[in-house]
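The values are calculated or read from the model by the stated rules, or taken from the named source; none is laboratory data. Please read all numbers here as calculations on a predicted model, not as lab measurements. Because the Cβ atoms are built from the backbone with ideal geometry, glycine has one as well, and the counts that use them run over all protein chains shown. Keep in mind that these areas ignore ligands, DNA and RNA; they rest on the heavy atoms of the full protein, side chains included. Shrake-Rupley method; radii C 1.70, N 1.55, O 1.52, S 1.80 Å.
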Amino acid sequence: MNYEKIISSVYQQLSEQNNYGNVAAYIPELAKVNGAKFGVFLQPVNEIGFGVGDYNEKFSIQSIAKVPLLALAFQLLGDNIWTRIGYEPSGTSFNSIVQLELERGIPRNPLINAGAIVLCDILIDCLNNPLDDFLDFIREIAANKTIAYNEKIAKSEEKTGYKNYAIISLMKSFGNIHNDIDKVLNFYFHICSIEMTCRELASTFLFMANKGIVPDTKTQILNSSQTKRINAIMQTCGFYDEAGEFAFKVGLPGKSGVGGGIVAIYPSKYAVAVWSPRLNSKGNSYKGLLFLEELTTKTAASIF
Ligand code: GLU
C-alpha cells in the first residue's frame, strides 16, 4: 500500500476545501491557536513514517492524553479500575454532567472528562510524584524524552475549567474521588496540556497498533488483552457523542482532543495523527475527521 501517495493526495484535496468550525476558545490559551494549521503524519509499525503540512509543529493534545492515562492505570492496577469507571459509550459530550447524577458518580468510560478525572484520582493514590511519573510514562511510550507539559495551558484551564470543577465536585459527593479536588484537577489539567507534533503523537500511539509493545525499544507496556480493550474503548468512546459517526465513516479506533488533534490506530499496520484546530459542534476536528474518512476510503482498508 502506498500510504505516502494516498496521504499526500488526500491532504492536497482537503487543503483546497473550505474549513468550518471554531478553535476551542473556552480555554483562553487555545483561543490563540491559528485555525488554519493542518498537518498529518502516518507511522507504520516497523517502517519509516511520513507526514504532510504542519506535522512538525507542537499542539496541545488535550483529551488524547486520556488514552496514555488509562494505559498507565490499567498497567498498574489491572481490572481493579473498573470498579470506579465503566466502559460503555456515553452518547453525551466530553464534559457532560447529566449521567453522573443518575449513575451515582461513576463515569460511563475513561475517555470522557469525568472518567479521566477519576483516573487521575486513582493514579494520585499509587504514584509517588504523579506529574513526573506520568511524564516519564508518556516519554517511555513515545520513545522521546522531550515530551513536556505546557504550564501556560494548564494554568489557563485551571482558571476557567468550571465544568470540570462541577464534575469533580459531584463525583466527590458520591465518594468516587478520594483526594483533594484541586490536587486532582491540577494533575488532570496538566495531562491535557501536553504538547506533541503529529509525528510524535503517531509514534506515541504506535504501541497500541503493536500488541502493547513500543516498537523502537521493544518495551511491553500492556499485554495483548489490555491493548485490545483500550482499542475497543477508543472505538466506542473516543469521540464522545460522535463515536458512532467515527466508527461508521472511518472504521478505526481513535481519540480526539479539543486542541484539534486526532490519532487513529490500525492494529498491526500503523498509527496516524492529524491536526486541524477548528472543531465541529461535538468538539472534534472538522478537517481531521474528513481526512481520516478519506484515508480509509482511499486505502479501502479499516478494521471492519
Ligand atoms: N481539557 C479539556 C477539558 O477538560 C479536554 C477536552 C477534550 O479535549 O475533549 O475540557
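Quick notes on this structure:
- Sequence-separation-based contact order of the range 69-201, relative, with Cα cut under 8 Å and 6+ spacing, percent: 28
- Look at the dipole of the chain built from charges on Cβ: of Asn129, Ile81, Tyr270, the Cα furthest out on the positive end belongs to Tyr270.
- Here the relative contact order of the chain, from alpha carbon pairs under 8 Å that lie six or more residues apart, stands at 29 percent.
- Within-12-Å neighbourhood charge of Ile124 [Cβ basis; K, R +1; D, E -1]: -4
- With K and R counted +1 and D and E -1, the other residues having a Cβ less than 14 Å from that of Glu101 yield a net charge of +2.
- Zone of Arg139's modelled label, taken as backbone nitrogen in the range 52-82 under 18 Å from a point 7 Å along Cα→Cβ: 68-69, 72
- Per-pair calculated FRET efficiency, R0 = 25 Å: Ala148 and Arg104 via Cβ, rounded to 0.05: 0.10
- Residues of the range 260-274 with amide N under 19 Å of the 7 Å Cα→Cβ point at Ala36: 260
- Calculated Rg and Dmax of the range 81-148 using C-alpha coordinates, Å: 14.2, 42
- Within the chain, helix-based [θ] at 222 nm, where runs of 4 or more DSSP H residues each add -39,500 (n - 2.57), nearest 500: -13500 deg cm²/dmol
- One equal scatterer on each Cα of the chain, no solvent, Debye formula: the resulting log10 I(q)/I(0) at q = 0.06, 0.10 Å⁻¹ is -0.17, -0.48.
- Additional length obtainable on full extension of the chain from Ile48 to Thr217, 0.36 nm per residue less Cα span: 59.3 nm
- 20 Å cut-off, amide nitrogen to a point 7 angstrom out along Leu131 Cα→Cβ, residues in the range 195-221: 195-196
- Distance violations [Cα-Cα > 32 Å] among Lys32/Lys228; Lys58/Lys172; Lys66/Lys298: Lys32/Lys228; Lys58/Lys172
- Carbon and sulfur %, accessible surface of the range 193-304 computed with the full protein complex present, 1.4 Å: 51
- The charge dipole of the chain, taken about its Cα centre with unit charges on the Cβ of Lys, Arg, Asp and Glu (plus for the first two, minus for the last two), comes to roughly 320 debye.
- The range 1-89, relative contact order [Cα under 8 Å, separation at least 6], %: 19
- Dividing the convex hull volume of the alpha-carbon atoms in the range 112-258 by its residue count gives 129 Å³ per residue.
- Using only the C-alpha atoms, the convex hull of the range 256-304 corresponds to 73 Å³ per residue.
- When the range 6-139 is reduced to its Cα atoms, the Kirkwood hydrodynamic radius in Å: 17.7
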